[in-house]
Amino acid sequence: MKQVSSTEEQIWSEPAGLEPRNAPANGTVNKRKSSPFLWVIPLLLAAIMGALLTYYYNQENLINAHVKTLHLEAEKAALGGEYSEALELLDKALAQRPNVGALVKDRQITEQASNVLKQMDEAANLLKTGKLSEADKMIQTAAKTLNERQEPVFDKVRSALNNRKVTLAVLKVKKEIDQLTTVEALAEKLKTLSKLNGKEAEAVKQQITDKLAGISYKQAEQQVKKRDFTAALQTVDNGLSYAPEDQKLTKYRDEVLREKKAFEQAEEERIRLAEQQAAEEELRNRTGAVYVTDLSAELDEYGDLYISGSVFNQGTRPISSVALIVSINASNGDYIGETDVYVYPDILDVGEEGYFETSYYGVYEAANVTVTNASWYVE
């Protein structure tokens, strides 16, 4: 047997499937055996492709999940009225998924809400500077836009719009208050504000009620000066119906009641005294209006007695048809007779003097005369 050298032993010991370095001496050729690596390569390629596909799909899922998270956060921010933050989140999501219709649509809606809110902020600045007409136009435009949008994302904008409407209404009324000078006009403006809420509305309501109470107070004062207490109480009560907590008006009502009571008591006393005085005057006019003075009697050469005198109306009303009965007595007191006499003029005004004269025939002696009775009519 041929001995195999150490070099040959090494050559054959190389991995199978590789050609040997020297052919065998006997000229025969060894057939190549099938290598197991020929099956491994396709498997490795398949594994690599699978890994790549898996990695791709995992990356896509991660991006989708991230975009979805951004979308949800944007939705939450938009519903909370944080439109700038929502737009920033939506832009990040669209940068990764620019063709997602829901993202595009939500961004358009959010941007519109943001724009309308900016208009409301601008309207607020216009209202602060007193540019009511410009602010009114802007508010009406925003209201028209919101009438066409029902999405919850517009809730903050709608709330801002309502606030601007209230502010506008309040400022319009406030601008008119100084020109209103009657309770009725102020009450009408108060009615206009009754459905409005908020600090501004409440402040103007208080301003109106204060002015209304002040006008009622002054009007009632004038009525009290005229002693028209019933009208004054009506005025005060009307003012209190709009300003029930006004302390000045409440206290004045009590004062009006006191003055009314005092006046009524004084009036009752005045009436009593007037009635008493009237009764006294009536009695005087009926019984003591005629005051006779300068009564005299002269005996003429024929023995007849010439009687004359004056009458004053000391009553309080004119009198007429004054008639006197004159009694005639002798100097020793013996009764001689009596006679009637009428005063002229027929009507005597208060304090006016009248005259009378008559004759009594056949006395033939000096005599005394007295007026024993007088009668008259009170005009």
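Looking at region 77-96 only, could you name the residues that are surrounded by fewer than 20 Cβ atoms within 10 Å (Cβ to Cβ) and farther than 27 Å from T141 by Cα? If you could, list the steps in order and put the result at the bottom.
We begin by selecting, within region 77-96, every residue surrounded by fewer than 20 Cβ atoms within 10 Å (Cβ to Cβ); these are 79-82, 84-85, 87-88, 91-92, 94-96.
The answer is D91, K92, L94, A95, Q96.
Give just the number: which of (1) buried (at least 18 other Cβ atoms within 10 Å of the Cβ); (2) of a type in the set (S, T, Y); (3) modelled with pLDDT of 85 or more does T182 not satisfy?
Failed condition: (1).
Residues to consider are Y335, Y342, Y302, Y364; find the one that is touching a residue at least 60 places away in the same chain (Cβ under 8 Å), over 30 Å from A274 (Cβ atoms) and among the aromatic types (F, W, Y). Walk me through how you get there before you give the answer.
Numbers: Y335 fails: touching a residue at least 60 places away in the same chain (Cβ under 8 Å); Y342 fails: touching a residue at least 60 places away in the same chain (Cβ under 8 Å); Y302 fails: touching a residue at least 60 places away in the same chain (Cβ under 8 Å).
Going through Y335, Y342, Y302, Y364 in turn, just one is touching a residue at least 60 places away in the same chain (Cβ under 8 Å), over 30 Å from A274 (Cβ atoms) and among the aromatic types (F, W, Y): Y364.
Identify, please: which residue in region 222-256 is small (G, A, S) and under 20 Å from T209 (Cβ atoms) and is, among those, surrounded by the fewest Cβ atoms within 10 Å (Cβ to Cβ)? Working first, answer last.
Filtering region 222-256 for residues small (G, A, S) gives 231-232, 239, 241, 243.
If we keep only those that are under 20 Å from T209 (Cβ atoms) too, we end up with 232, 239, 241, 243.
Numbers: A232: 26, G239: 27, S241: 12, A243: 22.
Looking at the filtered set, the residue picked out is S241.
Go through A187, A113 for me and flag whichever is under 30 Å from K68 (Cβ atoms) and at pLDDT 85 or above.
On the way: A187 fails: under 30 Å from K68 (Cβ atoms).
After ruling out the rest, the residue left standing is A113.
Given the structure, is K165 in the same structural domain as A77 (by TED's automatic domain parsing) and either in contact with a Gly (Cβ under 7 Å, 6 or more places away or on another chain) or at pLDDT 85 or above (or both)? Even if it seems obvious, please write down each step before you answer.
Numbers: in the same structural domain as A77 (by TED's automatic domain parsing): yes; either in contact with a Gly (Cβ under 7 Å, 6 or more places away or on another chain) or at pLDDT 85 or above (or both): no.
No, not satisfied.
Which residue out of I336, I328, I319 is surrounded by 15 or more Cβ atoms within 10 Å (Cβ to Cβ), farther than 23 Å from E298 by Cα and β-branched (V, I, T)?
On the way: I336 fails: farther than 23 Å from E298 by Cα; I328 fails: farther than 23 Å from E298 by Cα.
Sole residue among the options that is surrounded by 15 or more Cβ atoms within 10 Å (Cβ to Cβ), farther than 23 Å from E298 by Cα and β-branched (V, I, T): I319.
Restrict the check to region 235-245 and report whether at least one residue is part of a helix (DSSP H, G or I), free of Cβ contacts under 8 Å to residues at least 60 places away in the same chain, in contact with an Asp or Glu (Cβ under 8 Å, 6 or more places away or on another chain) and of a type outside the set (D, E).
Just the residues of region 235-245 that are part of a helix (DSSP H, G or I), to begin with: 235-242.
Remaining after also requiring free of Cβ contacts under 8 Å to residues at least 60 places away in the same chain: 235-242.
After this cut, where a residue has to be in contact with an Asp or Glu (Cβ under 8 Å, 6 or more places away or on another chain) as well, the list is 239-240.
Subset that is of a type outside the set (D, E): 239-240.
The answer is yes, given that some residue of region 235-245 is part of a helix (DSSP H, G or I), free of Cβ contacts under 8 Å to residues at least 60 places away in the same chain, in contact with an Asp or Glu (Cβ under 8 Å, 6 or more places away or on another chain) and of a type outside the set (D, E).
Of the residues in region 177-233, how many are outside any helix (DSSP H, G or I) and either more than 30 Å from E264 (Cβ to Cβ) or among the aliphatic types (A, V, I, L, M) (or both)? Before you say what the answer is, go through the steps one by one.
Here is the first cut: in region 177-233, the ones outside any helix (DSSP H, G or I) are 178-182, 194-198, 226-228.
Applying the additional criterion that residues be either more than 30 Å from E264 (Cβ to Cβ) or among the aliphatic types (A, V, I, L, M) (or both) yields 178-181, 194-198.
Going through region 177-233 one residue at a time, the tally reaches 9.
Considering only residues of region 97-138 that are basic (K, R) and outside any helix (DSSP H, G or I), which is surrounded by the fewest Cβ atoms within 10 Å (Cβ to Cβ)? Quick ask: steps written out before the conclusion?
Applying the first criterion (basic (K, R)) to region 97-138 yields 97, 105, 107, 118, 128, 131, 137.
Narrowing the set further to residues that are outside any helix (DSSP H, G or I) leaves 97, 131.
On the way: R97: 17, K131: 13.
The extreme case among them is K131.
Can you tell me how many residues in region 360-374 are part of a strand (DSSP E or B) and crowded, with 16+ Cβ neighbours inside 10 Å? Before the answer, list the steps.
Within region 360-374, the first condition is being part of a strand (DSSP E or B), and the residues that meet it are 360, 367-374.
Imposing the further condition that a residue be crowded, with 16+ Cβ neighbours inside 10 Å reduces the set to 360, 367, 369, 371, 374.
Residues meeting the conditions: 5.
Would it be correct to say that Y342 is closer than 18 Å to S375 by Cβ and over 60 Å from the mean Cα position of the chain (by Cα)?
Details: closer than 18 Å to S375 by Cβ: yes; over 60 Å from the mean Cα position of the chain (by Cα): yes.
Yes: the conditions hold for Y342.
Scan region 73-96 for residues that are closer than 12 Å to S114 by Cβ and assigned to a loop (DSSP other than H, G, I, E, B) and jot them down.
Matches in region 73-96: G81, E82.
The values are calculated or read from the model by the stated rules, or taken from the named source; none is laboratory data. Source: prediction; values computed, not measured. Quick reminder, even Gly has a Cβ in these numbers, built from the backbone with ideal geometry, and neighbours come from all protein chains shown.
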